[in-house]
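Here is the structure we will look at, set down as structure tokens.
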């Protein structure tokens, strides 16, 4: 007689589940409504999308975009996974150097990073080319320009890869920390070589992290505007994102129909991979967080340790330190030239730009405020939404998950235009306010944070939640004591990712920023268009330092939380 009430109670949704569903729906609507507004606006204007697309070089745009994105994604996954494995599983790790330095490109606004690489690899005035030509001259080899050229296929792919590596590094680091290290140790004890252990144990267990990293990279790369605008245009390599921006911003009237059509083409590619990722996560056979907290024993590399460390430092030096140094030198010198007046370096550009310039100071304050508020709201919302989506087997949950991730498949500019159409005018009247800016940031970057949260939930095995329920704990207590502590390291990293992307946003800011809510991304665009490299370098350097302090702090807190969780689980 008690069986029927028991079954009914199990079917009844708890308040936490209801709240999670509501949050997931709100996050989904936040991206869908602006997209619907753009579509309705295009239809109402009578835009002939098919006719407009017929005038575009779709084959060439797709070919260029897919080559750049696919090649850079593969390279980024390899580099990010190797850096994470070296730092987490070997004795070649160097603490905060190997933990934080690979993430520095992620902290630099893409337009500033692109300019930094232009300062390094411009054929004539690039600092790196100048050093190479000087060194070659010592051996009698004279060159007027080059040998490197940032305005090329390899230059464009290089910068795309550098900006994608932090996604792979963060996700793989989180995955390695959540793995049960006894599996790898048992494989090595049984006689398997290091490579075989990597192939048969480590890589399969890291599948959620690799899939999540790939999804994050694809979302980011397809929506990038700054890098192809600065480097791709100079290399005469048209990319879909730059063409979409041109159709919306530099044609009159704006060709919204063609822009939406080009964006929808990308949806097919990203949606296929999203479906593959969701199907793989749903199987749940790769979950590796168990009930016993253990620490991975470091692999001793012996004589290879100095060489591995040297390779890591060389990568960090080339990809991270070099563009930052180039920006710093230009900001201290006051202008861009190979003949740097080292004795005349000063902080004048920093004082004039960050302190004396009221527009820049106000924009920086707004960006930091919007970034803190938006990232806190965003990571809390996706944490609870992912708890429901990943654990639910319903088709409705997958639809909502797709709605949350869908905005990342389109150009940021279209989302920004959608927010203007949907919320700037009546009845909301939010144009030029902080609310519309934070809302747009959430719609743009929530998809990336949701991938991180999905991976964190998916890697939690079933045994701990089941043990909690058997012990009589309800869903709320199980989430508070099991899920959230285990998810916290990944969620903190996700918060840092949201914060950095929000304060460095450029494309959406160019549409939504006004006199009342001007942000640093829009200010950087203004300075770049004026050709003021010293001011741009000063802002970029300062913004990078702020982001670096926050991300390094987050890494330290995340590592300590992971250790505390391991110790807590080991003591239960």
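With the condition kept exactly as written, say whether any residue in region 552-570 is more than 22 Å from residue 497 (Cβ to Cβ) and at pLDDT 75 or above.
Scanning region 552-570, I find no residue that is more than 22 Å from residue 497 (Cβ to Cβ) and at pLDDT 75 or above, so the answer is no.
Would you confirm whether any residue within region 135-154 is buried (at least 22 other Cβ atoms within 10 Å of the Cβ) and closer than 20 Å to residue 113 by Cβ?
Yes, some residue in region 135-154 is buried (at least 22 other Cβ atoms within 10 Å of the Cβ) and closer than 20 Å to residue 113 by Cβ.
Which residue, of 446, 373, 377, 436, is over 28 Å from residue 487 (Cβ atoms) and in contact with a helix residue (DSSP H, G or I) (Cβ under 9 Å, 6 or more places away or on another chain)?
Step by step, each of 446, 373, 377, 436 is checked, and only 436 is over 28 Å from residue 487 (Cβ atoms) and in contact with a helix residue (DSSP H, G or I) (Cβ under 9 Å, 6 or more places away or on another chain).
Name the one entry in 314, 332, 364 that is assigned to a helix (DSSP H, G or I), buried (at least 20 other Cβ atoms within 10 Å of the Cβ) and without any contact (Cβ under 8 Å) to a residue 60 or more places away in the chain.
332 is the lone residue from the list that is assigned to a helix (DSSP H, G or I), buried (at least 20 other Cβ atoms within 10 Å of the Cβ) and without any contact (Cβ under 8 Å) to a residue 60 or more places away in the chain.
How about region 241-256: which of its residues are modelled with pLDDT of 70 or more and under 16 Å from residue 226 (Cβ atoms)?
Result: 241, 242, 243, 244, 245, 246.
Of the residues 79, 67, 25, which is surrounded by 18 or more Cβ atoms within 10 Å (Cβ to Cβ), modelled with pLDDT of 85 or more and assigned to a helix (DSSP H, G or I)?
79
Answer yes or no: is there a residue in region 194-207 that is surrounded by 15 or more Cβ atoms within 10 Å (Cβ to Cβ), under 25 Å from residue 270 (Cβ atoms) and either modelled with pLDDT of 75 or more or under 22 Å from the mean Cα position of the chain (by Cα) (or both).
Yes, region 194-207 contains a residue that is surrounded by 15 or more Cβ atoms within 10 Å (Cβ to Cβ), under 25 Å from residue 270 (Cβ atoms) and either modelled with pLDDT of 75 or more or under 22 Å from the mean Cα position of the chain (by Cα) (or both).
Scan 9, 47 and give me the residue that is more than 21 Å from residue 447 (Cβ to Cβ), part of a loop (DSSP other than H, G, I, E, B) and modelled with pLDDT under 60.
Selected residue: 47, the only one of 9, 47 that is more than 21 Å from residue 447 (Cβ to Cβ), part of a loop (DSSP other than H, G, I, E, B) and modelled with pLDDT under 60.
Quick one: which residue in 483, 528 is farther than 29 Å from residue 392 by Cβ, in contact (Cβ under 8 Å) with a residue 24 or more places away in the chain and surrounded by fewer than 24 Cβ atoms within 10 Å (Cβ to Cβ)? Give the steps one after another, and end with the answer.
Details: 483 fails: farther than 29 Å from residue 392 by Cβ.
Exactly one of 483, 528 is farther than 29 Å from residue 392 by Cβ, in contact (Cβ under 8 Å) with a residue 24 or more places away in the chain and surrounded by fewer than 24 Cβ atoms within 10 Å (Cβ to Cβ), namely 528.
Here is a check on your reading of the model: is residue 418 within 23 Å of the chain's Cα centre (by Cα), under 18 Å from residue 509 (Cβ atoms), at pLDDT below 85 and part of a helix (DSSP H, G or I)?
Here the answer is yes, as residue 418 does meet what is asked.
If I filter region 170-183 for residues that are out of contact with any helix residue (DSSP H, G or I) (no Cβ under 8 Å at 6 or more places or on another chain) and free of Cβ contacts under 8 Å to residues at least 12 places away in the same chain, do I get at least one hit?
No, because not a single residue in region 170-183 is out of contact with any helix residue (DSSP H, G or I) (no Cβ under 8 Å at 6 or more places or on another chain) and free of Cβ contacts under 8 Å to residues at least 12 places away in the same chain.
If you take the residues of region 504-521 that are in contact with a helix residue (DSSP H, G or I) (Cβ under 7 Å, 6 or more places away or on another chain) and assigned to a loop (DSSP other than H, G, I, E, B), which of them is farthest from residue 424 (Cα to Cα)?
First, the residues of region 504-521 that are in contact with a helix residue (DSSP H, G or I) (Cβ under 7 Å, 6 or more places away or on another chain): 504-513, 517-521.
Okay, now just the ones that are also assigned to a loop (DSSP other than H, G, I, E, B), so 504-506, 513, 517-519.
On the way: 504: 22, 505: 19, 506: 19, 513: 12, 517: 13, 518: 15, 519: 17 Å.
This residue is 504.
Inspect all residues belonging to region 433-444 and state whether any of them is outside any helix (DSSP H, G or I) and closer than 30 Å to residue 16 by Cα.
Among the residues of region 433-444, not one is outside any helix (DSSP H, G or I) and closer than 30 Å to residue 16 by Cα, which makes the answer no.
Under 19 Å from residue 38 (Cα atoms), buried (at least 18 other Cβ atoms within 10 Å of the Cβ), in contact with a helix residue (DSSP H, G or I) (Cβ under 7 Å, 6 or more places away or on another chain) and at pLDDT 85 or above, is that true of residue 406?
no
Limited to region 111-155, what total is found for residues that are farther than 30 Å from residue 504 by Cα and in a loop (DSSP other than H, G, I, E, B)?
10
Just one of 464, 506, 545, 512 is closer than 25 Å to residue 166 by Cα and in contact (Cβ under 8 Å) with a residue 60 or more places away in the chain; which is it?
Only one candidate passes the filter, namely 506.
Would you confirm, using the coordinates I've provided, whether residue 387 is closer than 28 Å to residue 437 by Cα, surrounded by 15 or more Cβ atoms within 10 Å (Cβ to Cβ), modelled with pLDDT under 85 and over 19 Å from the mean Cα position of the chain (by Cα)? Break it down into steps so the answer makes sense when it comes.
Values: closer than 28 Å to residue 437 by Cα: yes; surrounded by 15 or more Cβ atoms within 10 Å (Cβ to Cβ): yes; modelled with pLDDT under 85: yes; over 19 Å from the mean Cα position of the chain (by Cα): yes.
Criteria met by residue 387.
The values are calculated or read from the model by the stated rules, or taken from the named source; none is laboratory data. This one's a predicted model, so the numbers in the text were calculated from it and none came from an experiment. Neighbour counts run over all protein chains shown; Cβ positions are idealised from the backbone, glycine included.
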